[in-house]
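What follows is a set of notes on a single structure, which appears directly below.
Just so it is clear, none of the values below were taken in a lab; they were calculated from the coordinates. Keep in mind that what you see is a predicted model, and the values were worked out from it rather than measured. Note that each Cβ is placed from the backbone with ideal geometry, even for glycine, and that neighbours are counted across all protein chains shown.
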Amino acid sequence: MTNVSESRDPADLPRVLDVLRLAFADHAGRVDPPSGVERETVASLQAKLEKEVLLVARDDGVISGCIWCRSQPGGNFYIGRLAVDPAFGGRGIGAALLDASIQRARTMSAPAVDLNVRIELSENIAMFERRGFVIVASESHPGFDRPTNYRMRLQLVQP
Ligand SMILES: CC(C)(COP(=O)(O)OP(=O)(O)OC[C@H]1O[C@@H](n2cnc3c(N)ncnc32)[C@H](O)[C@@H]1OP(=O)(O)O)[C@@H](O)C(=O)NCCC(=O)NCCS
């Protein structure tokens with residue numbers, strides 16, 4: 001049984017880092033430039049926790065997934081680093097984390113939810129599109145002359 005809740009506990013961060021590394025391992029060699037997840041450490045997650053909301057999924061008490069949310073007062077909600085330990089994949093945990101973050105955005109009266117997705121990750125783009133996100137922009141990482149990211153948006157309140 002999956003339970004999604006906010007964590008402010010630094011003791012959760014080593015396992016969250018493991019989940020991120022396990023989940024994003026599949027992206028190595030698939031996305032260029034490599035994911036920033038490869039540079040995360042417990043210390044960088046600790047700094048992130050001071051500015052962002054961390055939602056974790058737990059299965060029988062074990063952290064199985066995470067998503068990080070940034071609430072921008074009066075502005076769009078931003079979500080990132082959605083990750084599920086592959087050992088727990090395909091059981092609806094990613095969808096539950098996404099739904100919980102969207103619910104939080106609604107609670108904050110955010111007009112929209114934004115995320116970035118690498119253009120190579122067509123299965124993720126399709127998953128977000130099935131939930132109502134649309135591509136609103138393409139962006140390039142520094143040093144790249146082609147788009148590397150899509151900015152996707154779920155509009156919650158019509159502008
Ligand atoms: C993307 C991710 C979070 C999905 O987590 P999950 O718990 O396995 O996914 P769920 O079981 O909740 O399924 C969510 C959707 O993804 C689809 N999906 C799950 N695994 C999939 C796979 N291997 N290939 C294609 N689609 C897949 C499901 O069909 C489902 O679609 P639907 O609900 O719209 O029908 C997980 O695969 C992951 O951590 N990937 C690596 C990190 C990553 O890409 N993060 C997102 C960065 S933008």
Dipole of the chain [Lys/Arg +1, Asp/Glu -1 at C-beta], most positive-end residue of Asn149, Met127, Ile102: Ile102
Segment 39-125, dipole about Cα centre (Lys/Arg Cβ +1, Asp/Glu Cβ -1), debye to the nearest 20: 240
Radius of gyration and maximum dimension Dmax of segment 2-111, Cα, Å: 13.6, 39
Helical mean residue ellipticity (222 nm; -39500 (n - 2.57) per DSSP H run of 4+; nearest 500) of the chain: -9000 deg cm²/dmol
In Hz, Karplus ³J(HN,Hα) per residue of segment 75-80 (6.51, -1.76, 1.60; θ = phi - 60°; x = Gly, Pro): x, 6, 7, 10, 10, x
